[in-house]
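We did not get these values from a lab; they are worked out from the coordinates using the rules stated. Note that this is a predicted model, so its numbers are computed, not measured. When we count neighbours, we look across all protein chains shown, and the Cβ atoms used for this are built from the backbone with ideal geometry, even at glycine.
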Amino acid sequence: CFQALVDFLRSLLNSNDDGRIIVAKQKLGGQPDEAYLKFVTLCAEKIFSEVTQDAYAVILAGGTLQPIEETRLRLCPSLPPTGIKFFTSNHIVPPESILPIAVTRGPSGMAFDFSYNSRSSPSMIEELGRFICNIITVVPKGVVMFFSSYDYERRVYDAWMTTGTISRISKKKHVFRDPRNSADVEAVLNKYKEAIESCSNFSQDTGVNGALLLAVVGGKISEGINFSNGMGRCVIMVGLPYLSPSDPGYDILRKCTRGGREYYENLCMKAVNQSIGRAIRHINDYATMLLVDSRYAQTSSTKSFSCPADKLPQWIKARLSCAQNYGEVHRSLHQFFKFNKKNVEIL
């Protein structure tokens, strides 16, 4: 806590153009006594220039740097185009080891729309529950499901508890939740891993075949933790994790950054990419990524702004398919895991 205070005080030495200070009485979706101070970085050029000015060349490498333009604007907006080179290569894993799908509809045919005004409707949450209950019958071992916020994860979990969805899920997957306290992360992950390892290799029986982890984008579990091998055979992104309009930083980022709406979208997709990219960690790994929202199937011609799929990493975008109904999703998952169980060493 003391180090966090020191870092905050140091940030106050930055110029006004570098960031803004947020003073909030309560965290979004948190308790009334969770007031906080926060420095929001708008441009890291000053800090990054301390590296670039003394180096002959600087290499930024990663599998989830897209949208790359947002990275450029945050780190080196003043550098001329000739001073920056972009390079994208194929992923080390073969095409058949990754299955990204834009899921537009649930099992009953209801269109998935997890936009801010629609995501909390009982029917939408119920359809999401039906979707999960179906896919866990075909996906082995670990499933990591990302929500846009702790508040929304809690709403969905509470609704599923009331309707009995959690009980139905538990017949196939042990259920774990992203902890709010950093001190609890290791314990939750260990239990999640143990639950997966305790299950025998997936078979078409009626027993438990793994675990489901309900995680939060930007939460304790989404940052710096890898879900390789059985820890993440399926990663699910529920909706698009845009910054909530009620978040204190919303207006700051929209008004004080270059690009406005474009920057806002890039911030969202960078969070998506960093979350779903944690499932593939080595050449023998394999996983499916389910982007659950009809907006992931939009093309640039259907909206006045760029479609979300355009901002996915190239190695995911190149293999992305859009399922028009749940039947397509189920068949694809069944074929994918049948193939990889047969052809890839079970890890």
Fill in: Cross-link table K270/K317; K141/K342; K173/K317; K193/K220; K270/K311; K193/K270, entries beyond 19 Å C-alpha to C-alpha
K173/K317; K193/K270
Worksheet item: Are there trypsin sites (Lys or Arg not before Pro) in segment 63-156 that DSSP marks as loop and that have at most 10 other Cβ atoms within 10 Å, and which are they?
Response: K85
Response to the item:
Here the FRET efficiency for T41 versus S118, based on Cβ atoms and R0 = 25 Å and rounded to 0.05, is 0.20
Worksheet item: Could you give the nm distance between label points at I21 and A61, where each point is 7 Å from its Cα heading toward the beta carbon?
Response: 4.1 nm
Worksheet item: In nm, what is the difference between 0.36 nm times the number of residues separating S228 and Q53 and their Cα-Cα distance?
Response: 59.3 nm
Discussion item. What does the net charge come to around G210 if you take all other residues with beta carbon closer than 10 Å to its beta carbon, with K and R at +1 and D and E at -1?
Written reply: +3
Worksheet item: Which FRET efficiency, nearest 0.05, do A183 and A111 yield, Cβ-Cβ r, R0 45 Å?
Response: 0.65
Discussion item. Net charge within 15 Å of E194 by Cβ-Cβ distance, Lys/Arg positive one each and Asp/Glu negative one each, not counting E194 itself?
Written reply: +2
Fill in: Helix axis angle, 326-343 relative to the chain longest principal axis, alpha carbon, degrees
90 degrees
Practice prompt. Count charges around A279 for me, please; just the other residues with Cβ under 12 Å from its Cβ, Lys/Arg as +1, Asp/Glu as -1.
Written response: +3
Discussion item. Defining a contact as two alpha carbons under 8 Å apart and six or more residues distant in sequence, what relative contact order in percent does the chain show?
Written reply: 25 percent
Practice prompt. Would you please name the chymotrypsin sites (Phe, Trp or Tyr not before Pro) within segment 70-175 that are DSSP coil residues with at most 12 other C-beta atoms within 10 Å of their C-beta?
Written response: F86, F87
Item to complete: Rank K171, K46, K193 by mean-square fluctuation in a GNM of the chain with C-alpha springs under 10 angstrom and give only the top-ranked residue.
Response: K46
Fill in: the chain - share of DSSP beta bridges that are antiparallel (%, nearest 5)
20 percent
Worksheet entry | Theoretical gain in end-to-end length, K338 to F2 [0.36 nm per residue, Cα-Cα removed] | 115.8 nm
